[in-house]
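Notes follow the structure.
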Amino acid sequence: MATQNTKTLARLMMAPSVLLLLIWMIVPLAMTLWFSFQNYNLLDPSNVSFTGLFNYEFFYTDPAFFQSIWNTLVIVGGVLLITVIGGIAIALLLDQPIFGQGIVRILIISPFFVMPPVAALVWKNMIMNPSYGVFADISRFFGLRPVDWFAQYPLFSIVVIVAWQWLPFATLILLTALQSLDGEQKEAAEMDGANFLNRFVYLVLPHLARSITVVILIQTIFLLGVYAEILVTTNGGPGYASTNLAFLIYRTALLGYDVGGASAGGIIAVVLANIVAFFLMRAVGKNLDR
Amino acid sequence: MGSITLQKVSKVFGEAKVIPSIDLEITDGEFVVFVGPSGCGKSTLLRLIAGLEDVSGGHILIDGKDVTQSAPAERGLAMVFQSYALYPHMSVRNNIAFPLKMAKMEKSAIDKKVTDAARVLNLTDYLERRPSQLSGGQRQRVAIGRAIVREPSAFLFDEPLSNLDAALRGTMRLEISDLHHQLKTTMVYVTHDQVEAMTMADKIVVLNRGNIEQVGSPLDLYRSPRNLFVAGFIGSPHMNFVDGAYAQSKNAKTAGIRPEHLNLSKDSGIWRGTVKVAEHLGADTFLHLDVEGIGQITARCDGEFGAYHGDTVYMTPDEAKLHRFDDKGLALKA
Amino acid sequence: MARNVTTKHKITATVAAWIVALIIFFPILYTIITSIKTEPEAIAGFSLWPSGTFENYITVQTQRDYLKPFMNSVILSVGSTILALIIAIPSAWAMAFSPTKRTKDILMWMLSTKMMPAVAVLVPIYLLFRDFGLLDSRIGLTVMLTLINLPIVVWMLYTYFREIPGEILEAARMDGAGLWQEIVYVLTPMAVPGIASTLLLNIILAWNESFWTIRLSTTNAAPLTAFIASFSSPQGLFWAKLSAASTMAIAPILILGWFSQKQLVRGLTFGAVK
């Protein structure tokens, strides 16, 4: 009897968050899906009509679409590569006994707390500016011509900025995982005659495997939607050279006023994100059974 | 007063019948120990009595009153948990005082009771500390103190000593037994350790797979186990079981002989064995022997007997202390 | 042998770690340094020695009214976090203490709402906000930030609550505590550290959220993210001021963040890494 009461109470306690998230998930998504089949332009809102798959076709045949998909993949892939490899290396370094470990940790974690617009502006002006940036100063110091990063390598520049923001995250998580590695295991491996490389390959890396998976998946979720960094640096240009899918949808919707087209792009983005989400959920879900 | 009666009590978790049906009578002032291997349902049974789990069927009576539907707090019982379950954010004083505060007792009365309990349990100097600043044994005593101050009709202990080291366990065993003599309150104690059961209990309830195998005083169970399970579970080292020709000659499927009931000799006896391992405890020595035609046998002998690995030893079972079991594993009467 | 670390090894590792740390921290450091340079100094080439003026901070306030977006950031991040906690605490509580067979599914589903790309619902949200008059309103943005962080808040609280041992609740029940007393005297004191960590991390996340805050605000409700993003358009001689504004925008959260390193890992990995 008492147990039954508890169950009812538990349901009641859960209702607000479940209902809110249900609405939050269903209403906008349903609207996006609906709009994606409509010819709907914000400049001409009285003239809305059903167009079937036209918006998808429009998006699909737009060369910018493929470029944006490619750019999205480059940003996600490039940032993951830098942050995971860099993160492992830095985590291994921080796991050593060093003087001032606390301060070093604080310095390394800091970029994660910098809001994206600030990060992007600092890099754009202070570091990568072709005339006054630190990179330009370094180039001139070596007698080289400074590079105009955002004009010549717009996508690469964005990858660098975003990687700088996410490197601390990867490092911190991998360091946490590293520190949970049983010291006796390491000692046992040393007794068994494993050198540093052996220990890394056979002991450390397998131990880190799940954390690496988690880092990759969580970062992917966020990296698919990189937005502010592009907005304040290249604004997607030159041309579409640094426009990712998220930015293309924003352009279509709020600069092109094309609600239908943007919605079709949104649905495509949902599908992409779901593929990643599927794997992330499995990785996190396993942890719940522990 | 604190008699507890279980009538056809059963517990089902989903598909699993953890306790099929149990009848048990615990009289006032008794120290009853539920003992059995892990997963035998002993903790579940305790939690059913406590009211922390709802029974699936049957009735629980405390002092003759049906409490099957009562909330834990209404049953007038106190429990000491395996992890002690102390409130980490409260001082020792507040931990012990908590049940009294819940009972809305007056502050001066609470203070007096807490002080008394602390004195009994040697906690007076630690009253202002947090549980995290105490040793395992001290935490254990705080948990007991929290139980004592309520003056419950019965104490429930759920494997209270399993987180302590061996030496402390021995001390706490004595302290709990001593407490029982002082308070003369019913205590129900769950353990998987038959030594705890033997040393502390007035009455042992041996459980296996949710069923009661036997109920009796420690010496009853030791002298006349009802079946193979009880025979093997009670006593340390375990009873030797011998099948085959020897058992048949005694008109049994299985013969059981405790290690301490084997007469050892270096030159004559009905069994001849080779010492595999000799464990010298000082006063006693346990010999693990390979016996011709019988198999592995454990024998207990005097510490001065002087047998070592590889020695040949002869042994003769004490016929009067022999246990005989039929093909269903039940004990045969002498 | 290996535990007896040689001093040489430690010094090598220290030097390497400090170099890496300083390189990673450099953009932030340089921003802080530039913020106390004069404008001509700021573009006069690499220098780590500023003249030490606080002119820029004053100018950012007087010319751009810095305090307004700052207050918006505080209101939005704290407001949305408290709102999310109020909604999330009961449900995390229920899931941790009376779990059912579907608890896990519900948790996973909540997590999945976090996976939805924001940009996919930009159009409907924008239109809904427009139609309800919520564009550039603090209420609208607070609700928005509450919703997008709600799953993380529920998850974090759940992982903290789940660590409160069930035996303690049972002990409280045996001791005669009713549900209300159980909550006030036992659960709440034990849950407070977890709630505080969740609060901290969520304020950080809300403070830095840079999609909805930029898109759904213009001036009145614009927090620091939108304020800073507005600096992107005009190029020119305003770097010292930009640095001052940036420093002020990140300083509070940087300090909060330093205190929440541990919880950060746990919160952002949904308890998968601790």
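Some points to look at:
- Here, segment C:132-234 is characterised by an Rg to Rh ratio of 1.21, where Rg is the alpha-carbon radius of gyration and Rh the Kirkwood radius.
- Relative counts (whole %) of C-alpha pair distances in segment C:7-58, using bins that are 5 Å wide: 5, 19, 20, 16, 12, 10, 9, 6, 3, 1
- For segment A:266-279, Karplus couplings with θ = phi - 60° (6.51, -1.76, 1.60), whole Hz, Gly/Pro x: x, 4, 4, 4, 4, 4, 4, 4, 5, 4, 5, 4, 3, 6
- Ratio Rg/Rh, restricted to segment B:246-286 and using Cα atoms, in which Rh is the Kirkwood radius: 1.03
- Amide hydrogen neighbours beyond the local backbone of B:ASN227, cut-off 5 Å, H modeled: B:ALA331
- Between chain B and chain C, the total buried accessible area stands at approximately 1700 Å², from heavy atoms with a 1.4 Å probe.
- Kirkwood Rh (inverse of mean 1/r, distinct Cα pairs), segment A:36-90, angstrom: 14.2
- DSSP loop GluC sites (Glu not before Pro) with at most 11 other Cβ within 10 Å excluded, longest remaining stretch of chain B: B:129-291
- Highest-MSF residue in chain C out of C:GLY257, C:GLY140, C:GLY52 [GNM, Cα springs under 10 Å]: C:GLY52
- For segment B:241-325, the fraction of 1.4 Å probe accessible surface lying on carbon and sulfur atoms is 46 percent.
- When A and C come together, around 8900 square angstrom of accessible surface is lost from both chains combined, probe 1.4 Å.
- Segment B:108-136-segment B:277-334 distance, computed between alpha-carbon centres (Å): 48
- Cα-based reach from B:LYS333 at 18 Å (exclusive), listing lysines while leaving out same-chain residues under 8 positions away: B:LYS250, B:LYS253, B:LYS321
- For chain C, the longest piece that avoids every one of the chymotrypsin sites (Phe, Trp or Tyr not before Pro) found in DSSP loops with at most 15 other C-beta atoms within 10 Å covers C:133-258.
- Candidate lysines - alpha carbon under 22 Å from B:LYS104, same-chain residues fewer than 8 apart omitted: B:LYS112, B:LYS113
- The overall shape of segment B:164-213, judged from the alpha-carbon gyration tensor, is oblate: a/c is not under 1.5, and a/b is no greater than b/c.
- Rounded to the nearest 5, the antiparallel percentage of DSSP beta bridges internal to the protein assembly as shown is 75%.
- Between helix B:107-120 and chain B: long-axis angle, C-alpha atoms, 0 to 90°, nearest 10: 20
- Chain C, accessible surface, carbon-and-sulfur percent (1.4 angstrom probe): 69
- Dipole in debye (nearest 20) - segment B:241-325, about Cα centre, beta carbon charges: Lys, Arg +1; Asp, Glu -1: 380
- Partner aspartates and glutamates whose Cα lies under 17 Å from the Cα of B:LYS276, excluding those fewer than 8 positions away in the same chain, are identified as B:ASP284, B:ASP290, B:GLU292, B:ASP311.
- Taking a sphere under 15 Å around the Cβ of A:VAL162 and counting the other residues whose Cβ falls inside, with K and R at +1 and D and E at -1, yields a net charge of 0.
- Loop-resident chymotrypsin sites (Phe, Trp or Tyr not before Pro) (DSSP state other than H, G, I, E or B) in segment A:71-128 with no more than 16 further Cβ atoms inside 10 Å of their Cβ: A:PHE99.
- Here r is the Cβ-Cβ distance between B:GLU279 and C:VAL78 and R0 is 60 Å; the resulting FRET efficiency, rounded to 0.05, is 0.35.
- Per residue, the accessible area of chain A comes to 45 Å² when a 1.4 Å probe rolls over the protein heavy atoms.
- Using only Cα coordinates, the Kirkwood hydrodynamic radius of segment A:1-152 works out to 22.3 Å.
- Across the accessible surface of segment A:48-199, with the other protein chains kept in place and a 1.4 Å probe, carbon and sulfur atoms take up 68 percent.
- The amide H of B:LEU52, built 1.01 Å from its N in the peptide plane, has no neighbour under 5 Å, considering only residues 5 or more places off or on other chains.
- Listed residues A:LEU178, A:LEU43, A:LEU92, most fluctuating in chain A (Gaussian network, C-alpha, under 10 Å): A:LEU43
- Heavy-atom accessible area per residue - segment B:241-325, 1.4 Å, Å²: 51
- Estimated purely from DSSP H runs of n ≥ 4, each contributing -39500 (n - 2.57), the mean residue ellipticity at 222 nm for the protein assembly as shown is -17000 deg cm²/dmol once divided by its residues.
- Assuming charge only on the beta carbon of Lys and Arg (+1) and of Asp and Glu (-1), the dipole of the protein assembly as shown about its Cα centre is about 1040 debye to the nearest 20.
- Once the Kirkwood radius over Cα pairs is known for segment B:4-231, the Stokes-Einstein relation at 4 °C and 1.567 mPa s delivers a diffusion coefficient of 71 µm²/s.
- Formal net charge of residues neighbouring A:ILE127 (Cβ-Cβ distance under 14 Å; K, R +1; D, E -1): -2
- Here segment B:159-230 and segment B:4-47 have alpha carbon centers that stand 14 Å from each other.
- Per-residue HN-Hα couplings for segment B:181-193 [Karplus 6.51, -1.76, 1.60; θ = phi - 60°; Hz; x = Gly/Pro]: 5, 5, 8, 6, 9, 4, 10, 10, 10, 9, 7, 9, 9
- Per-bin percent of Cα-Cα distances, segment A:15-289 [10 Å]: 6, 22, 27, 23, 14, 6, 1, 0
- The loop-placed chymotrypsin sites (Phe, Trp or Tyr not before Pro) in segment B:231-334, going by DSSP, that have at most 15 neighbouring Cβ atoms within 10 Å of their Cβ come out as B:TYR308.
- Shielded by partner chains, segment A:204-219 residues - at least 40 Å² of accessible area, 1.4 Å probe, vs chain alone: A:ILE218
- For chain B, built as a Gaussian network whose Cα springs stay under 10 Å, the top-fluctuating residue of B:THR274, B:THR171, B:THR124: B:THR171
- Considered as an equivalent ellipsoid built on the Cα gyration tensor, chain C has semi-axes of 40, 29, 16 Å, the largest given first.
- Cα pair distances of the protein assembly as shown binned at 20 Å [whole percent]: 12, 32, 29, 19, 8, 0
- Per residue value of the accessible surface for chain C (all protein chains in place, 1.4 Å probe), Å²: 40
- For segment B:241-325, the Cα gyration tensor yields ellipsoid semi-axes of 22, 13, 10 Å (square root of five times each eigenvalue, largest first, whole Å).
- Within the shell defined by Cβ-Cβ distances under 12 Å, the residues around C:LEU145 carry a net charge of 0, with Lys and Arg each +1 and Asp and Glu each -1.
The values are calculated or read from the model by the stated rules, or taken from the named source; none is laboratory data. What you are looking at is a predicted structure, and each value in this text was computed from that prediction instead of being measured. When we count neighbours, we look across all protein chains shown, and the Cβ atoms used for this are built from the backbone with ideal geometry, even at glycine. Note: accessible area is taken over every heavy atom of the protein model, side chains too, but ligands, DNA and RNA are not part of it. Shrake-Rupley method; radii C 1.70, N 1.55, O 1.52, S 1.80 Å.
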